Amino acid sequence: MATTGLMIPSVNPAAVAVAVVDAPHAAEEKRLVVHALVRKAQVGDRLAFDELVRRYDRDVLRLALNLVHRQEDARDIYQESFLRVYRNLHRFRFECSFYTWLYRITTNVALDYLRRRASHPEDQAPVPLEENKRERDFFDRQPAMNAASNPERSFLGQELGKRIQEAMKTLSARERTVFEMKNYQGFKLRAIGDLLGTSEETVKNALFRATRKLRISLQGLK
């Protein structure tokens, strides 16, 4: 039988087994390193705290941006979150991972911001066009369209984005946060509850209310 000359690499079962076994060890090693940094930072080691910021700064900024959809506001939330971490680091008791604790603080800072924004909408600057696109990409999951080739569809897409933004304003800060954590970031309900410091049932109810409000606001859209 003729062969194509294509070499197919063989899989080494032993190597796969080692990789599977090593994965939890690597995670545990990372946890121990982070906790060692936290302990140093708790006693005033500024370099250790700077290292914690370096390890998690992108995660915090990404989370803030996903929740508020404005770069300037996300940077403010980022700074406020790490400031709260610094001020409350002595309260961290190692009962959860540092990342979970940090995520919870960042989410609460973002929730406070969203509540203030909802109560004082006149103080908010218009959302730049690029951030409008980000929100549309998240909610309607539509593929990119060529505006030059189909200006009518492009116009309809812009109108859809405006409708979605208006619909999101009908959600409370907690409803919006839960909705985005579940549908955009892929968290399970129990994990959302842990991060927000509430029960899974409360999260489920908030998600139900958010989904119902959005369906009502967006009814008629196809």
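The values are calculated or read from the model by the stated rules, or taken from the named source; none is laboratory data. Just so we're clear, the structure is a prediction, and the values are computed from it rather than from any experiment. Every residue, glycine as well, gets a Cβ built from its backbone with ideal geometry; the counts of neighbours run over all protein chains shown.
Every test in (1) surrounded by fewer than 13 Cβ atoms within 10 Å (Cβ to Cβ); (2) of a type in the set (A, V, I, L, M); (3) at pLDDT below 85 is passed by Leu83 save one, and that test is (3).
Condition check for Glu95 on (1) at pLDDT 85 or above; (2) assigned to a helix (DSSP H, G or I); (3) surrounded by fewer than 17 Cβ atoms within 10 Å (Cβ to Cβ): one failure, at (2).
Of the residues in the stretch 127-142, none is loosely packed, with under 14 Cβ neighbours inside 10 Å and at pLDDT 65 or above.
Only one of Ala167, Ala210, Ala173, Ala206 is within 20 Å of Ala110 (Cα to Cα) and over 18 Å from the mean Cα position of the chain (by Cα). Can you tell me which?
On the way: Ala210 fails: over 18 Å from the mean Cα position of the chain (by Cα); Ala173 fails: over 18 Å from the mean Cα position of the chain (by Cα); Ala206 fails: over 18 Å from the mean Cα position of the chain (by Cα).
Just a single option satisfies the conditions, and that option is Ala167.
If you go through the stretch 37-72 and keep only what is over 23 Å from Gly186 (Cβ atoms), among the charged types (D, E, K, R) and assigned to a helix (DSSP H, G or I), you end up with Arg39, Lys40, Arg46, Asp50, Glu51, Arg54, Glu72. Selection of the stretch 165-207 for residues being outside any helix (DSSP H, G or I) and either in contact with a Pro (Cβ under 9 Å, 6 or more places away or on another chain) or surrounded by fewer than 18 Cβ atoms within 10 Å (Cβ to Cβ) (or both) yields Lys169, Thr170, Ser172, Tyr184, Gln185, Gly186, Lys188, Gly197, Thr198, Ser199.
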